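Every read-out reported here was derived from the displayed coordinates using simple, explicitly stated rules and does not represent laboratory data. Keep in mind that what you see is a predicted model, and the values were worked out from it rather than measured. Because the Cβ atoms are built from the backbone with ideal geometry, glycine has one as well, and the counts that use them run over all protein chains shown.
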Amino acid sequence: MATKRGSKAVVKGTVQIMKEKAAARSKQVKKAGATMKKAVAAKPDKVAPKKAATARLVAQVAAAPKFYPPEELKRFKEMILAKRKETIEELDSLKESMMDVTTGEYISESSNYSLHMEQGTDAMEREKTFLFASRGSKFVNQLDDALARIDARTYGVCKTCGLLVPKERLDAVPTAQTCAEYKNTGLPCDKGRVALAKKKAGK
């Protein structure tokens, strides 16, 4: 009888120990869960700032003017006309340097004058002059296009996204038709992307 009671006591003791271990594990699991919840709650929300920034951009695009006011267009026009006059004067000067003083005709690339050049440096200088004249003529055409856009009140409107090109860029490059970021990367700026997405959604 004593042996049976001893065996029951051992079994009972073992069961008690297992229950205590199970309870301890349960407490650890609950504690770990509570710690995880606190960590998640304390962790900064990275999505919220991005949403806020996007919302600000959308608001800025919605409030942005569609065209430059007449007084700004007038200022741009005066600046472009001044650059056009300056460029034409430079072109006239270049044309004079390309003229054969003996015949009064412009020297062409295929003329006998080029075949009888005595020094290679003279030929190189003449090529540079033709290059500068070509660039100058192209610039005048671009300025004329800009003047036409001013008359149509579309000057300064980005041809990619439809937003206004910053004044600073137009002052530096009066013939610009896109922002500097698009010119350099081929991708619209942040505001441009929002504007394009808005335009696409409106279709």
Could you run the Karplus curve 6.51 cos²θ - 1.76 cosθ + 1.60 with θ = phi - 60° over segment 75-84 and give me ³J(HN,Hα) per residue in whole Hz, x for Gly and Pro?
5, 4, 5, 4, 5, 5, 4, 5, 5, 5
Can you check what the net charge comes to around residue 185, using other residues whose Cβ is under 15 Å from the Cβ of residue 185 (Lys, Arg +1; Asp, Glu -1)?
+2
Work out, step by step, the length gained on full extension between residue 48 and residue 81: first 0.36 nm times the residue separation, then minus their alpha carbon distance; give nm to one decimal.
7.0 nm
Set 51/74; 77/198; 95/183; 74/183; 128/183; 27/50, cut-off 28 Å on Cα-Cα distance; pairs above it are 51/74; 77/198; 95/183; 27/50
Compute the length gained on full extension between residue 180 and residue 97: take 0.36 nm times their separation in residues and subtract their Cα-Cα distance, giving the result in nm to one decimal.
26.4 nm
Which whole-Hz ³J(HN,Hα) couplings does segment 138-149 yield from phi under the Karplus relation 6.51 cos²θ - 1.76 cosθ + 1.60, θ = phi - 60°, glycine and proline marked x?
5, 5, 4, 4, 5, 5, 5, 5, 5, 4, 5, 5
Report, by chain and number, residues whose modeled amide H sits under 5 Å from the one on residue 164, excluding near sequence neighbours (fewer than 5 apart, same chain).
158
